[in-house]
1. Looking at region B:192-207 only, could you name the residues that are surrounded by fewer than 20 Cβ atoms within 10 Å (Cβ to Cβ) and either at the interface with chain A (Cβ under 10 Å from one of its Cβ atoms) or without any contact (Cβ under 8 Å) to a residue 12 or more places away in the chain (or both)?
2. Would you check which residues across region B:52-62 are over 20 Å from residue A:170 (Cβ atoms) and free of Cβ contacts under 8 Å to residues at least 60 places away in the same chain and list them?
3. Condition first: loosely packed, with under 13 Cβ neighbours inside 10 Å, in a helix (DSSP H, G or I) and within 9 Å of another protein chain (Cβ to nearest Cβ). Now tell me which residues in region A:1-12 satisfy that.
4. Collect the residues in region B:54-72 that are within 18 Å of residue B:44 (Cβ to Cβ) and not in a helix (DSSP H, G or I), keeping them in residue-number order.
5. Among the listed residues B:80, B:129, B:125, which satisfies the condition of being buried (at least 17 other Cβ atoms within 10 Å of the Cβ) and part of a helix (DSSP H, G or I)?
6. Please specify each residue of region B:243-260 satisfying the condition of being within 16 Å of residue B:84 (Cβ to Cβ), free of Cβ contacts under 8 Å to residues at least 24 places away in the same chain and part of a loop (DSSP other than H, G, I, E, B).
7. Among the listed residues B:122, B:61, which satisfies the condition of being closer than 28 Å to residue A:42 by Cβ and either at pLDDT below 85 or within 12 Å of another protein chain (Cβ to nearest Cβ) (or both)?
8. Filter region A:291-306 down to the residues that are closer than 14 Å to residue A:64 by Cα and at the interface with chain B (Cβ under 9 Å from one of its Cβ atoms) and list them by number.
């Protein structure tokens, strides 16, 4: 134990030291070269450590996964794994659920986050309000899942309900709901947890965007006689549009990659599976590398168009 | 374009949204208070419950716990930390997180500097590739890495996980620091060059001291990301109780002790968020900056 602690401390402290030593060595090695040679070689030597790590841990695995996705158990290559993607009912169900996540998480977080940003902008306790909403973004999904399982806790009718939501429901005279088991509510419940966690990001970004709107614009709108709602609809909202698109793409990517919430809260049972959980199951429980690679490739294919939109708007924002 | 105004402009101006008029109370303060309560209640519920006895938690809802007479106990925390193995998991989380953060942020800072302040062919492409890699679904790297790790028998070891986190984190940190270094005025570096500083010296003596806030954002962001990570921990050290971090332990507890174990589970959850919450409240400014940098790419 203590040896491992020592190693961790050594790496934590040593990493910057080793890196600076590397740079020092690079500069020494470059000294005999001509000015032009130095200018050419230096950046790549400085970038050697990051490129090595990223190449080894991201680029190579990415390519290897694509290759593996064509591998069938037994070693041959073929399209079997993709046939599984196309024909399997569980993949279809997971895709539908990912679709629900995509729409629900994006729309829900966007509306709630923008609402908090706009409303907080108008009050004196803005900092406190934003802190409350951003806090869940700092904690782990596992903790959030525990927090919300406690909210959704279900006990059979007749027994005292200790889950907050069912206490409210029964106090209103209705039957308690098994939120996470009932297939009419469970996906919405999981997505709700996702929204609870992502609203902070939206609020922070939208808030910065709101503060960047020139005050004269708002004043001009007011002078023209616009009330608060028309002011928001016709003056503020158009200014926020580029930010809304960028935030939506981030939320969409989060929705497509959803894993933790589902894993901890339902483990994909009761028709709540999403692609990432299916992939984890194939990888870990079934050890079917080909299938799980194909599922991972499918995830990348789904994310690509969203990334394209994001990059396009990002470029526009810079230009 | 002048339209006749029905009321004098001054009167309309008095209805400022910040004023405590009935309208602003109804449309601004009330919904905001409601939203904040909605966001706060779940965490508050778990917090209260983590200090209630097993019998109380089983018999009544958490809201009864804040009704006097108060009967709070720290027994749940004692139990999860000693018998539940959460003390070790906490240590593991630290031992996974700190080296990962150090390696990632050190390398990313150097890369960000090189990409921002050195002019060379391929810098644009390199940056674009790194930016593209920040959104790659993590699932796509798991299969080959797990296979290699199994072959090399490094699955379940911490150094193996440090490197995975470094690989995943470097693109983002590089990007964040690149954006910062790019904005620094050129004069800052020219002055140093006149004094005879080479690239290494201007990096260490000119760039780094000014970069403290950006590095802080990167550190906090990376810290929270690694500390909160479940997927990578689950796959690369999850099978090993000796090295499993809090997220893995707590997610294991969820499936084992719900129903009658809320008093323990809520305490465990709180142990796992103590560090993130402390970081969040102490360094909120930098955290928000990191969020902004990550999203308004």
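1. Residues satisfying the conditions are B:193, B:194, B:195, B:196, B:197, B:198, B:200, B:201, B:204.
2. B:55
3. A:5, A:10
4. Correct list: B:60, B:61, B:67, B:68, B:70, B:71, B:72.
5. Exactly one of B:80, B:129, B:125 is buried (at least 17 other Cβ atoms within 10 Å of the Cβ) and part of a helix (DSSP H, G or I), namely B:80.
6. Hit for region B:243-260 is B:258, nothing else.
7. B:122
8. A:292, A:293, A:295, A:296, A:297, A:300
The values are calculated or read from the model by the stated rules, or taken from the named source; none is laboratory data. Because the structure is predicted, anything quoted here is derived from the model rather than measured. Ideal geometry is used to build each Cβ from the backbone, glycine not excepted, and the neighbour counts take in all protein chains shown.
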